[in-house]
Amino acid sequence: MDDGNWQTGFDSAERLHRSVLAEVGDRARLARSSLAYNQASQRVRTMVGQLGSEVQRLRTGLANSSARLTNHELNRRRDLLDSLSRKYQAAKDQVSEPASGGAARGQLLQDLGTTSWGTAPSSDGFLGSGGSDRKVMPNRTGVMETDRSMGVGTGQVKQEQQQLLEQQDAGLDVLADIIRRQKGMGQDIFREVTQQNDLIDDIDDRAENVNQRLLDTTGSIRVVSRKDKTCGYWVVIMLLFIAIVVVLFA
């Protein structure tokens, strides 16, 4: 079994386990003495047997491919397989020893992941004779219990979750204040840039006016320059005419 097939097989086994839980839930609504209940029980047994075969096949595939996997991936798959094995064992125990009355309701709620709604187990069920060995309850939800949540009641977990939500709300309030200040700064910068653009436009208009005046002045200077050159020519002509007259009548 290659890596892709192993993950696909695990996902298929998870879906099969959810189908088992759904079938058990449907069976719990039937009368125990009815034919439908017996048929549902037979279907559950068949599905649980298939789930056991899937678990064994995944275990064999993991053992064969362990040499090709990294330590991180190998540990991850082992954790997934251990969780699936616990789910299979719990489903198998439930099928082989069906509970009755309130115990059946509690067992079903435990299968659906709401263990706090079921019947409360005695302390002997959780602790050994010495009081130090903890009995691990079947985990049928697929969620791994951490050291932080081990032995913590539902009320305390809810309280911690509420505290975390309050801390997150406080953090979001601080973030909102920062965003509002940033927005105000952005608006101030926008107004300043708009004013600077207006000043630049005014300077550009004035520069255009000065440029036009320079062009007009340059044109006037050229006209005066041309007139000055013509006047010089006439002065030279008059001087030459006077010199000719003086030479002729001298």
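Here the spin labels are modelled as points 7 Å beyond Cα on the Cα-Cβ line, and at residue 244 and residue 172 they lie 10.8 nm apart.
Expressed as a whole percentage, what fraction of the accessible surface of region 1-100 belongs to carbon and sulfur atoms when a 1.4 Å probe is rolled over the protein heavy atoms?
Carbon plus sulfur share of accessible area: 48 percent.
Estimated from the Cβ-Cβ distance and a Förster radius of 41 angstrom, the FRET efficiency linking residue 11 and residue 180 is about 0.35.
The mean accessible area for residues of region 1-99, using a 1.4 Å probe and ignoring ligands and nucleic acids, is 56 Å² per residue.
Suppose the chain between residue 201 and residue 214 were pulled fully straight at 0.36 nm per residue; how much longer would it get relative to their current alpha carbon spacing?
Working: separation 13, 0.36 × 13 = 4.68 nm, distance 1.99 nm.
That pair, residue 201 and residue 214, stretches by 2.7 nm at full extension.
Across all C-alpha atoms in region 189-248, the radius of gyration and Dmax reach 26.3, 88 Å.
The values are calculated or read from the model by the stated rules, or taken from the named source; none is laboratory data. Every value quoted in this text rests on a predicted model; they were computed, and no experiment measured them. Neighbour counts run over all protein chains shown; Cβ positions are idealised from the backbone, glycine included. Please note that ligands, DNA and RNA were not included when accessible areas were found on the heavy atoms of the full protein model with its side chains. Shrake-Rupley method; radii C 1.70, N 1.55, O 1.52, S 1.80 Å.
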